[in-house]
Amino acid sequence: TGTGSAATVGHGLNGKVPELIIVKNRDKTYNWAVWSSQLSSNAHYLFLNNTDSQSNSYYTFWNNTAPTGSVFSVGANSPDTAGNVNESGDDMVAYCFANVPGYQRIGSYTGNGSSTGPVVVTGFKPRFLLVKNLNASRNWVVWDTERANNDTLKANSSGAEESNYQVDALPNGFQIKNTWNEFNENGATILY
């Protein structure tokens, strides 16, 4: 429950530090606020429900503080700056993800703009990817191994599935095999 004042929230990851946090105010029509260790600073944020690049303007969602092995920080709601994550009396939900060897990895890679894109080592064969270009207004893209390996969905859109954006699942990671700016813009930092 939001307090309206800067606070810490227990995340329940048993000593692991979150690498990705997604928070939604359940009582209001605010954006889904996202923090990741891959952002430029602890003052930066993304919105899961839109295409904006990372920003650190106006909102103080994370109180400019990195999460620890037990808590993450939320900023004060001073008019409307942190209502997405901490409006007084509102119910919030937080999804917190840590790296788990052999199972789950949050990280980033640099796009090269080539159809022979970067190889990303995760330590396991991934079955699901959620990617976001941090440097430009781009979609959040979902790729998985349950559908054809060139089919994608956009998490920020109600649009139908699209194809022609191949990703190869490798025994120890994945390789981008397309030039789509969402996955592989030359020089861009891509969160996964």
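In table form, for the structure just shown:
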quantity: Percent carbon-and-sulfur accessible area, the chain, ignoring ligands, DNA and RNA, probe 1.4 Å; calculated: 46
quantity: Computed lengthening from residue 68 to residue 161, 0.36 nm per intervening residue step minus Cα-Cα distance; calculated: 29.8 nm
quantity: For the stretch 121-133, 3J(HN,Hα) per residue [Karplus equation, 6.51 cos²θ - 1.76 cosθ + 1.60, θ = phi - 60°, Hz, x = Gly/Pro]; calculated: 8, 10, x, 6, 7, x, 10, 8, 10, 10, 10, 8, 5
quantity: Distance from the stretch 140-177 to the stretch 1-32 (C-alpha centre basis), Å; calculated: 28
quantity: Order of exposure, largest accessible area first, which applies to 60, 81, 29 with probe 1.4 Å; calculated: 29, 60, 81
quantity: Over the chain: helical MRE at 222 nm, DSSP H runs n ≥ 4 each giving -39500 (n - 2.57), nearest 500; calculated: -500 deg cm²/dmol
quantity: Over the stretch 57-101: Rg over Rh, Cα atoms, Kirkwood Rh; calculated: 1.02
quantity: Aspartates and glutamates with Cα under 12 Å of residue 28, excluding same-chain neighbours fewer than 8 positions away; calculated: 80, 87, 90, 91
quantity: Potential extension, residue 148-residue 119 segment - 0.36 nm per residue separation minus Cα distance; calculated: 8.5 nm
quantity: Using θ = phi - 60° and Karplus 6.51 cos²θ - 1.76 cosθ + 1.60, couplings along the stretch 49-66 (whole Hz; Gly, Pro as x); calculated: 8, 9, 9, 3, 6, 4, 9, 10, 8, 6, 7, 10, 3, 9, 6, 6, 9, 6
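The values are calculated or read from the model by the stated rules, or taken from the named source; none is laboratory data. Just so you know, these numbers come straight off a predicted model, no measurement behind them. Accessible surface areas use protein heavy atoms only, side chains included; no ligands, DNA or RNA. Shrake-Rupley method; radii C 1.70, N 1.55, O 1.52, S 1.80 Å.
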